[in-house]
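> Pasting in a structure now, in structure tokens, and then I'll have a few things to ask.
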Amino acid sequence: MEVEGKGGEAGTSTKATRRFALPVDAENKSTTFRLFSVAKPHMRAFHLSWFQFFCCFVSTFAAPPLLPIIRENLNLTATDIGNAGIASVSGSVFARILMGTACDLFGPRLASAALTLSTAPAVYFTAGIKSPIGFIMVRFFAGFSLATFVSTQFWMSSMFSGPVVGSANGIAAGWGNLGGGATQLIMPIVFSLIRGMGATKFTAWRIAFFIPGLFQTLSAFAVLLFGQDLPDGDYWAMHKSGEKEKDDVGKVITHGVSNYRGWITALAYGYCFGVELTIDNIIAEYFFDRFHLKLQTAGIIAASFGLANFFARPGGGIFSDIMARRFGMRGRLWAWWIVQTLGGVLCACLGQISSLTLSIVVMLIFSVFVQAACGLTFGVVPFISRRSLGVISGMTGAGGNVGAVLTQLIFFKGSTYSRETGITLMGVMSIACSLPICLIYFPQWGGMFCGPSSKKVTEEDYYLSEWSPEEKARNLHLASQKFAETSVSERGRATTHPQT
């Protein structure tokens, strides 16, 4: 079924009628999410974005499952391994911030493909490293590719309407993060196949890195060839035709960094996604060393943590949308806080368990909660700012990496703490950093403990406050106005205030 929609953005002089395979809202964003569809442009963007992010995740975390072999070949110390783990997630801190701004200005298609292609050489170069410093450097530069997470969330928020944006963000990011678990299976298998062809173990692990590098490269070309930035077209074409005016980069950044809600989402995300990144780096080695398992056995156990992303993070996004339908934005916030806190409790418990079987069980349950919390986070992020969506997404995504860097620096670098103590303390930090969620307040919808403002602030008041009278006179605010109209769904059925 084709559905007509009105194309156009701020500054449009003519609004062409466009036809879409999915039902759309006033911004031509899809109001439904059909997982098994490849309809252009909405569902095609979904599948391209999660696959590209998946490939980048596989590349970034291709080393940990082979670490027992790599550390023997390169004579890596515990400090070297810790530094490499920190390097793999620290590089994308600034990359994620820049990616948000790049998406706002150039569109998610070009921004993400450019980053993916520019970081692929680091994956290939891993095959030639000969020293600990070389190992740290390639992990650092390969980790930049994790900033494609921001373009994934930006792209989904640009393609899907409020009632389903949490689901779209959750599934796209969850399936992308699945790469962190898949690589724990893929790399040992590739390594074994290459060994079976006659290569020595010190040669086999090097050749194995060409596989993730190749798929990362191919995913970038797929995005460039088949993707589209917005329902109405690509940024460059819309800028050229005058259908979309270029925004003021200074104002985009200012409105983003001055919105305190973005800083809270960054902090909280630092101890859900940051925890996930840390576990991706340490869990295979943890089970290998503590329980004296075989490399492939430890890899399978570690993979089960990341593979939970197939349903856990998407489940968090879907749960966020379900809560919003009944309780509005306040339901999203409560669900996020509860799930993330429970994830922290389970993480703290994991570090105290000495039984292999019980450790695996608790780790699996913990993985569901911590990854669902990530999905719940990005059920809230798209509503913080319409004009500076990319900046807010970048800040939040960077927060995840900052949390991972700090956690690994404090708890897992060197021998200050044992692995089990570090895991317990990481859980405590997760619980503490979820508390500021209660401070997030939207005047038009309320917060966890307070209802909407008594001043009857509307969605239009909130989102149009980012535009000056002069900008409104030039009709630059029209996209924000359309978004305000569709975001009334965040009032929820349980809300009685009319705000009209």
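> Scan region 432-440 and tell me whether some residue there is of a type in the set (Val, Ile, Thr), in a helix (DSSP H, G or I) and in contact (Cβ under 8 Å) with a residue 24 or more places away in the chain.
yes
> Also, I was wondering about something else. Go through (1) surrounded by fewer than 20 Cβ atoms within 10 Å (Cβ to Cβ); (2) of a type outside the set (Val, Ile, Thr); (3) touching a residue at least 24 places away in the same chain (Cβ under 8 Å) and name the single condition LEU146 misses.
Going through (1) surrounded by fewer than 20 Cβ atoms within 10 Å (Cβ to Cβ); (2) of a type outside the set (Val, Ile, Thr); (3) touching a residue at least 24 places away in the same chain (Cβ under 8 Å) one by one, LEU146 breaks only (1).
> Of the numbered conditions (1) more than 28 Å from LEU67 (Cα to Cα); (2) open to solvent by 20 Å² or more (accessible area, probe 1.4 Å); (3) of a type outside the set (Ser, Thr, Tyr), GLN153 satisfies every one except a single condition; which is it?
If we test GLN153 against (1) more than 28 Å from LEU67 (Cα to Cα); (2) open to solvent by 20 Å² or more (accessible area, probe 1.4 Å); (3) of a type outside the set (Ser, Thr, Tyr), just (2) comes out false.
> Let me ask something else. In region 27-59, what count of residues is obtained for those that are part of a loop (DSSP other than H, G, I, E, B) and under 17 Å from GLY233 (Cβ atoms)?
Summing the residues that are part of a loop (DSSP other than H, G, I, E, B) and under 17 Å from GLY233 (Cβ atoms) in region 27-59 gives 6.
> May I ask you to list the residues in region 447-461 that are open to solvent by less than 30 Å² (accessible area, probe 1.4 Å) and assigned to a helix (DSSP H, G or I)?
GLU459
> Could you go through region 439-446 and let me know if any residue there is in contact with a Leu (Cβ under 9 Å, 6 or more places away or on another chain), surrounded by fewer than 17 Cβ atoms within 10 Å (Cβ to Cβ) and either at pLDDT 90 or above or aliphatic (A, V, I, L, M) (or both).
no
> Let me ask something additional. When region 351-390 is examined, which residues are found to be of a type in the set (A, V, I, L, M) and either within 16 Å of MET329 (Cα to Cα) or open to solvent by less than 10 Å² (accessible area, probe 1.4 Å) (or both)?
Selection gives MET363, VAL370, ALA373, LEU376, VAL380, VAL381, ILE384.
> Any idea which residue in region 65-77 is farthest from ALA298 (Cα to Cα), counting only those that are β-branched (Val, Ile, Thr) and outside any loop (DSSP other than H, G, I, E, B)?
ILE70
> Continuing with the same structure: Among what's in region 291-309 and is open to solvent by 10 Å² or more (accessible area, probe 1.4 Å) and assigned to a helix (DSSP H, G or I), pick the residue that is nearest to LEU356 (Cα to Cα).
Among residues in region 291-309 that are open to solvent by 10 Å² or more (accessible area, probe 1.4 Å) and assigned to a helix (DSSP H, G or I), the one nearest to LEU356 (Cα to Cα) is ILE301.
> Considering only region 175-202, state which residues are of a type outside the set (Val, Ile, Thr) and within 27 Å of the chain's Cα centre (by Cα).
Residues satisfying the conditions are TRP175, GLY176, ASN177, LEU178, GLY179, GLY180, GLY181, ALA182, GLN184, LEU185, MET187, PRO188.
> I've got another one for you. Could you check, for region 172-190, whether at least one of its residues is within 18 Å of PRO64 (Cα to Cα) and in a loop (DSSP other than H, G, I, E, B)?
No: zero hits.
> Looking at the structure I just gave you, is PHE125 without any contact (Cβ under 8 Å) to a residue 24 or more places away in the chain and assigned by the TED database to the domain that holds PRO64?
Spelling it out, PHE125 is indeed without any contact (Cβ under 8 Å) to a residue 24 or more places away in the chain and assigned by the TED database to the domain that holds PRO64.
> So, THR421, is that one more than 25 Å from VAL165 (Cα to Cα), in a helix (DSSP H, G or I), among the hydroxyl-bearing types (Ser, Thr, Tyr) and more than 27 Å from the chain's Cα centre (by Cα) or not?
yes
> Does LEU346 count as touching a Phe, Trp or Tyr at 6+ places or on another chain (Cβ under 8 Å), assigned by the TED database to the domain that holds GLY451 and within 30 Å of TRP445 (Cα to Cα)? Let's see the steps before the verdict.
Details: touching a Phe, Trp or Tyr at 6+ places or on another chain (Cβ under 8 Å): yes; assigned by the TED database to the domain that holds GLY451: yes; within 30 Å of TRP445 (Cα to Cα): no.
The answer is no for LEU346.
> Pick from ILE133, ILE189, ILE97: which is farther than 27 Å from GLY317 by Cα, modelled with pLDDT under 95 and open to solvent by 20 Å² or more (accessible area, probe 1.4 Å)?
Step by step, each of ILE133, ILE189, ILE97 is checked, and only ILE189 is farther than 27 Å from GLY317 by Cα, modelled with pLDDT under 95 and open to solvent by 20 Å² or more (accessible area, probe 1.4 Å).
> For residues that are over 21 Å from SER468 (Cα atoms) and either polar (S, T, N, Q) or open to solvent by less than 10 Å² (accessible area, probe 1.4 Å) (or both), scanning just region 236-261, find the one that is modelled with the highest pLDDT.
MET238
> Ok, one more. If you check ASP280 against the conditions, is it surrounded by fewer than 17 Cβ atoms within 10 Å (Cβ to Cβ) and either touching a helix residue (DSSP H, G or I) at 6+ places or on another chain (Cβ under 9 Å) or of a type in the set (Asp, Glu) (or both)?
The answer is no for ASP280.
> For the condition open to solvent by less than 30 Å² (accessible area, probe 1.4 Å), assigned to a loop (DSSP other than H, G, I, E, B), in contact (Cβ under 8 Å) with a residue 12 or more places away in the chain and more than 30 Å from LYS246 (Cα to Cα), what is the one hit in GLY427, GLY414, GLY403?
When all the criteria are applied, what remains is GLY414.
> Hey, among PHE46, PHE53, PHE61, PHE33, which residue is open to solvent by 30 Å² or more (accessible area, probe 1.4 Å), within 22 Å of the chain's Cα centre (by Cα) and either at pLDDT below 90 or not assigned by the TED database to the domain that holds ASN281 (or both)? Walk me through it before giving the result.
On the way: PHE46 fails: open to solvent by 30 Å² or more (accessible area, probe 1.4 Å); PHE53 fails: open to solvent by 30 Å² or more (accessible area, probe 1.4 Å); PHE61 fails: open to solvent by 30 Å² or more (accessible area, probe 1.4 Å).
Checking each option against the conditions leaves just PHE33.
> Which of the residues spanning region 159-174 are more than 11 Å from the chain's Cα centre (by Cα) and open to solvent by less than 10 Å² (accessible area, probe 1.4 Å)?
MET159, PHE160, SER161, GLY162, VAL165, GLY166, ALA168 - these are the residues of region 159-174 that are more than 11 Å from the chain's Cα centre (by Cα) and open to solvent by less than 10 Å² (accessible area, probe 1.4 Å).
A quick yes/no check of all residues on (1) among the hydroxyl-bearing types (Ser, Thr, Tyr); (2) in contact with a Phe, Trp or Tyr (Cβ under 7 Å, 6 or more places away or on another chain); (3) in a helix (DSSP H, G or I):
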| residue | (1), (2), (3) |
| --- | --- |
| THR79 | yes, no, yes |
| VAL89 | no, no, yes |
| ALA95 | no, yes, yes |
| LEU98 | no, no, yes |
| CYS103 | no, yes, yes |
| LEU110 | no, no, yes |
| PRO121 | no, no, yes |
| PHE125 | no, no, yes |
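The values are calculated or read from the model by the stated rules, or taken from the named source; none is laboratory data. Computed from a predicted model, the values in this text were never measured in an experiment. Glycine also receives a Cβ, built like all others from the backbone with ideal geometry; neighbour counts cover every protein chain displayed. What goes into the accessible areas is simple: the full protein's heavy atoms, side chains included, and nothing from ligands, DNA or RNA. Shrake-Rupley method; radii C 1.70, N 1.55, O 1.52, S 1.80 Å.
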